[in-house]
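Report on the structure given below.
The values are calculated or read from the model by the stated rules, or taken from the named source; none is laboratory data. If you're wondering where the values come from, they're calculated on a predicted model, not measured in any experiment. A quick note on method: Cβ atoms are made from the backbone with ideal geometry, for glycine too, and the neighbour counts reach across all protein chains shown. Each accessible area value is taken on the protein alone, full model and side chains, heavy atoms only, with ligands, DNA and RNA left out. Shrake-Rupley method; radii C 1.70, N 1.55, O 1.52, S 1.80 Å.
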Amino acid sequence: MPAAIRGEVLYLPITDVFDFLKIKNNPSPGFDSVSGFFIDPKATYLVDRIHQCIRYQKKVFILNPDDLIRTGTDLYLKSHYFGEIFGLTCTFNFRSLSVTLNTKLELPAIREMRQEMMRKNIGKLKNEVKADTIIGRSYPFFHFGMADWSINTIELQGWNDVRLNLGIGAILAGGETNVLLNYDNNQPFIGRGQYYLWRYVDNDNAAIRQIMAGTVPTQSISSIYAPVVGAEVTNTPTTYRRSFGSYTLSDYTEPNWIVELYVNNVLVDYVKSDASGFFIFDVPLVYGNSNIKLRFYGPWGEERTSSQNITIPFNFLPEKDFEYTVSAGTVEDGSNNLFSRANFNYGVNRHITVGSGIEYFSSVTSGKSMPFINTSVSLTSSLLLSGEYINGVMSKGVLNYHLPSNLQVDLAYTKYDRGQRAINNNYLEERKAVISMPFHFWKATIYSRLSFDQIVMPATNYTVDDFLLSGSILGLSFNSTTYALYNGPVPPYVYSNLSLSFRIPAGFIVTPQAQYDFNRKDFIFVKCEFERQLFGHGYLDMSYEKDFINDANNYQIGLRYEFPFAQTSASVRRDKNTISYLQSANGSLMIDSKANYIGTDNRPNVGKGGIVIVPFLDLNCNGRRDKGEPKVSGLNFSINGGRIERDNRDTTIHIFDLESYATYTIELDRNSFDNISWQMKKSVISVIVDPNHFKLIEIPIAVVGEVSGTVYLSDDNGKKGQGRIIVCIYRTNDSSIVATMLTEADGFFSFLGLAPGSYVARIDADQLRRLNLTSSPIAMPVNILKTRDGDIVSGIEFKLQSLQSDTSAIPAKVGEQRTVPTEKPQIVEEKVVPPPQVVEEKVEQQSPIIKTAVPCMVTYNEKRKGFVLQISSWLTWKKASRVAKRADKIIGLKTFKEAADIPTLGRRYRVFVGVFKTREDAVVFCHQFDFDL
């Protein structure tokens with residue numbers, strides 16, 4: 001923002017200040033007055049130069065003749081009036097030539113920034129990031145993309161078991177196609193042991209969003225222990241749709257493993273299991289049926305390939321939304337029983353969802369057809385109810401209550417119909433109650449849970465109570481669980497499990513465990529495991545277990561190693577008098593025919609997707625890759641998921657391990673390249689991932705040109721650079737405007753961002769007419785050539801002449817005011833123009849200054865106790881150091897470098913020379929110094 005200084009008094013341009021603060025202002029044609037309203041439309045104001053007054057809120061403030069300065073481009077007001085009249089307190093620091101504005105008012109600009117920040121934060125919470133490029137799904141007829149493999153062997157006293165698994169992932173007829181083949185040398189190779197599924201997904205089709213054929217997943221009422229081969233149709237989307245409230249989910253895995261929670265293939269949370277392997281999630285409830293999966297990672301980064309499907313008892317839909325799922329097929333149980341199910345749900349309002357349907361299973365003797373109804377009700381965000389009735393089978397109710405203190409109560413009751421054969425048990429009732437609450441104190445976090453689970457059978461009742469404490473204190477993870485089992489009139493059987501986990505020197509993780517029998521008043525077993533990372537990607541684990549019941553000592557030692565292409569493991573275990581050997585290996589193959597890529601990975605990839613990023617130099621700036629346009633390295637970016645692999649041979653970037661049908665956001669770093677002529681027009685890309693496929697994204701790096709020049713004002717005293725003149729760039733072919741620039745205080749203008757082609761530069765006609773000026777020449781041709789490093793057209797000059805004898809509307813001379821040049825966002829040069837706080841110093845007329853168009857960037861350096869002159873600014877420290885070294889030899893004065901973060905431009909590395917005793921000495925040196933380094 002420009003400013004003017006007279007003596008030691010600061011003047012600020014009214015329209016520029018108010019424009020920056022988003023305050024309504026209307027300047028008169030000759031800048032004799034500025035009017036508008038201040039925040040409130042009723043709070044009108046008028047700054048009147050002719051009558052030397054300011055009218056605001058029915059008050060008149062009389063001004064002195066020198067309180068206002070009119071130029072050809074603005075009306076300047078002494079800075080203290082902004083605070084006295086409008087509450088905008090301006091503190092001017094003459095030494096640093098900067099202004100600090102303070103106010104207690106909520107200005108429109110501040111309110112707008114706050115609201116924009118809130119919108120961005122809300123968007124991130126909802127996973128709604130505004131992208132300037134959206135890449136949707138693709139549906140090729142055939143594409144082979146992924147393959148997973150695994151080998152597992154067990155040898156035990158002459159007996160061996162070998163299992164081979166091969167997974168194939170492809171796209172067929174636009175649908176995801178996954179095949180999993182399983183071989184066991186001790187079992188016949190039969191069809192029921194294999195898995196195959198074709199799935200077509202179109203989330204934009206409200207009528208039918210998913211079609212599946214093959215081994216379809218079932219959420220059956222009946223007990224089905226064999227795969228169902230058939231088809232399924234549903235309008236339920238695969239996307240993650242956040243509802244309200246949460247549901248507590250807990251389970252066990254290996255100790256100290258990381259567990260990731262996926263809801264509809266979207267990662268929503270992750271936790272670390274405790275010393276016993278216990279973990280807990282607050283699962284966010286989502287609209288519609290939720291596909292809940294868990295993925296497990298070891299303490300050293302290894303991955304467990306298995307996943308679990310979890311059923312959530314609550315199902316909410318948005319208001320007036322209708323969803324259905326219809327499936328049918330045969331059960332591969334040897335009898336080819338028929339199975340079908342139709343399920344319909346409707347969102348009455350945002351708090352109530354109702355559903356109904358029917359299930360048919362031909363092997364159920366108590367009734368093959370089972371109609372059902374269900375509902376989910378949210379009384380409050382913390383109180384959830386669900387109920388289900390299945391004719392001839394059972395009735396079920398679930399209540400979940402979450403208090404503000406984080407105390408949670410879960411109640412469930414199920415009553416089974418006598419004689420039902422759909423569910424394979426003889427239960428009459430099931431009663432469950434769980435009370436849980438976390439505690440936080442000092443540096444400890446403890447989760448407690450008390451649960452009651454009772455099964456009522458015709459002849460007896462079976463009850464299990466357990467009390468769990470799990471937490472971490474000062475790096476020590478622990479878990480204590482006590483069980484009490486009641487079965488009939490006999491006394492309860494009570495036992496406890498205790499597990500600890502901690503690190504010791506030499507990098508070992510120690511996990512001791514013990515189980516104690518309160519009835520026998522003796523230990524059942526004690527166990528201790530040691531694990532340590534070896535060779536970067538190797539893991540050694542040893543364990544010892546004492547079994548007091550069988551009087552046995554068990555030992556095990558194992559080694560795991562992760563190659564880039566496979567995970568391998570081998571272990572030997574001695575159980576009393578037997579020794580067993582276990583070996584395993586697994587990995588995956590990834591193929592991208594379009595990018596000629598064949599890669600390997602040590603994690604499963606069938607059913608997942610990937611992205612291939614190819615940055616290239618867009619020499620003609622048409623946004624697409626043409627023949628002869630080379631790839632380029634050095635692109636930096638971030639993405640909300642996946643793993644990144646860079647190929648330094650051809651600069652291609654692969655991102656894999658992405659969930660299919662999920663939307664990922666790629667944010668490109670505009671400052672990735674040292675050459676500022678290499679620019680990206682679009683930096684935020686939203687991509688929907690295709691299954692078993694690498695999606696190719698070519699990133700055009702536009703090579704743009706630069707135009708620069710100077711605007712002079714001619715009068716009787718000669719010519720001088722004229723600031724705040726609008727220069728426009730037009731295309732030659734259609735006369736459309738490409739860019740506008742505002743000249744600096746010395747008349748200099750510059751624009752970086754022109755695509756190769758022919759242009760014309762002109763002074764803005766409206767401004768010339770308003771200021772009563774003429775331009776010579778009227779226009780200047782600008783031809784930008786297509787080059788790898790970007791073309792530069794410089795030395796353009798315009799000379800302005802006044803058509804009036806009264807020159808009061810033309811900006812004053814430098815001796816009357818000093819102007820602070822503006823560092824505009826669109827000017828991105830390695831040799832940066834002066835920042836806002838730097839001014840060209842006014843010196844007395846006797847000072848031997850050689851007039852030049854070069855602006856002087858003089859500041860007072862507190863650390864060096866003197867004035868310093870900035871001579872250049874660069875994108876990299878290396879280039880700044882090179883220039884500083886060259887300047888040391890030429891100038892004879894000491895140079896130094898400093899890093900600075902410039903708004904809209906980012907980090908720049910500035911080169912300074914000094915120290916000078918006075919500001920005038922620095923300015924004189926500036927005008928005599930050759931800046932061409």
Which of the strands (runs of 3 or more DSSP E) contained wholly in region 616-713 include at least 2 residues that are in contact with a Lys or Arg (Cβ under 6 Å, 6 or more places away or on another chain) and open to solvent by 20 Å² or more (accessible area, probe 1.4 Å)?
694-703
Among the residues of region 409-423, are any open to solvent by 50 Å² or more (accessible area, probe 1.4 Å), modelled with pLDDT of 95 or more and hydroxyl-bearing (S, T, Y)?
yes
Which one of the conditions (1) in contact with a Lys or Arg (Cβ under 9 Å, 6 or more places away or on another chain); (2) at pLDDT below 75 does I280 fail to meet, given that it meets all the rest?
(2)
In region 63-72, what residues are assigned to a strand (DSSP E or B) and open to solvent by less than 30 Å² (accessible area, probe 1.4 Å)?
L68, I69
Pairs please, first residue from region 587-606 and farther than 18 Å from I644 by Cβ, second anywhere and acidic (D, E) and open to solvent by less than 40 Å² (accessible area, probe 1.4 Å), Cβ atoms under 7 Å, 6+ apart in sequence or on different chains.
G587/D601; P604/D148; V606/D148
In region 313-342, how many residues are outside any loop (DSSP other than H, G, I, E, B) and open to solvent by 20 Å² or more (accessible area, probe 1.4 Å)?
10
Under the condition of being under 29 Å from I726 (Cβ atoms) and either hydrophobic (A, V, I, L, M, F, W, C) or assigned to a loop (DSSP other than H, G, I, E, B) (or both), which residue from region 48-62 is most open to solvent (accessible area, probe 1.4 Å)?
I50
Close pairs from region 1-24: first exposed (fewer than 14 other Cβ atoms within 10 Å of the Cβ), partner of a type outside the set (V, I, T), Cβ under 9 Å, at least 6 apart:
E8/F92; E8/F94; F20/M1; F20/A109
Please give the number of the condition I701 fails out of (1) modelled with pLDDT of 90 or more; (2) farther than 28 Å from V793 by Cβ.
(2)
Quick check on this structure: which one of S405, S362, S356, S366 is within 27 Å of N461 (Cα to Cα) and either open to solvent by 30 Å² or more (accessible area, probe 1.4 Å) or in contact with a strand residue (DSSP E or B) (Cβ under 7 Å, 6 or more places away or on another chain) (or both)?
S366
With criteria (1) open to solvent by 10 Å² or more (accessible area, probe 1.4 Å); (2) in contact (Cβ under 8 Å) with a residue 24 or more places away in the chain, S736 comes up short on (2)
What's the number of the condition A745 fails, among (1) touching a Pro at 6+ places or on another chain (Cβ under 6 Å); (2) closer than 26 Å to K681 by Cα?
(2)
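Please give the strands (runs of 3 or more DSSP E) falling wholly within region 457-576 in which 3 or more residues are at positive phi.
It comes to none.
A quick yes/no check of all residues on (1) in a strand (DSSP E or B); (2) modelled with pLDDT of 95 or more; (3) touching a Leu at 6+ places or on another chain (Cβ under 8 Å); (4) not β-branched (V, I, T):
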position: Y401; (1), (2), (3), (4): yes, no, yes, yes
position: N425; (1), (2), (3), (4): no, no, no, yes
position: P438; (1), (2), (3), (4): yes, no, no, yes
position: R449; (1), (2), (3), (4): yes, no, yes, yes
position: F452; (1), (2), (3), (4): yes, yes, no, yes
If you scan region 498-552, which residues turn out to be under 41 Å from the mean Cα position of the chain (by Cα), of a type in the set (F, W, Y) and surrounded by 15 or more Cβ atoms within 10 Å (Cβ to Cβ)?
F502, F508, F530, Y539
Residues (open to solvent by 50 Å² or more (accessible area, probe 1.4 Å) and farther than 20 Å from S386 by Cβ) located in region 438-456
F439, H440, F441, W442, K443, T445, L450
Whichever residue in region 28-47 is in a strand (DSSP E or B) and of a type in the set (F, W, Y) and, among such residues, is surrounded by the most Cβ atoms within 10 Å (Cβ to Cβ)
Y45
Members of region 172-194 that are open to solvent by 40 Å² or more (accessible area, probe 1.4 Å) and closer than 26 Å to I688 by Cα:
L172, A173, V179, L180
Going through S750, S794 one at a time, which residue ends up being assigned to a strand (DSSP E or B) and surrounded by fewer than 18 Cβ atoms within 10 Å (Cβ to Cβ)?
S794
Output yes when any residue across region 247-268 is at pLDDT below 80, within 24 Å of the chain's Cα centre (by Cα) and assigned to a loop (DSSP other than H, G, I, E, B), and no when none is.
yes
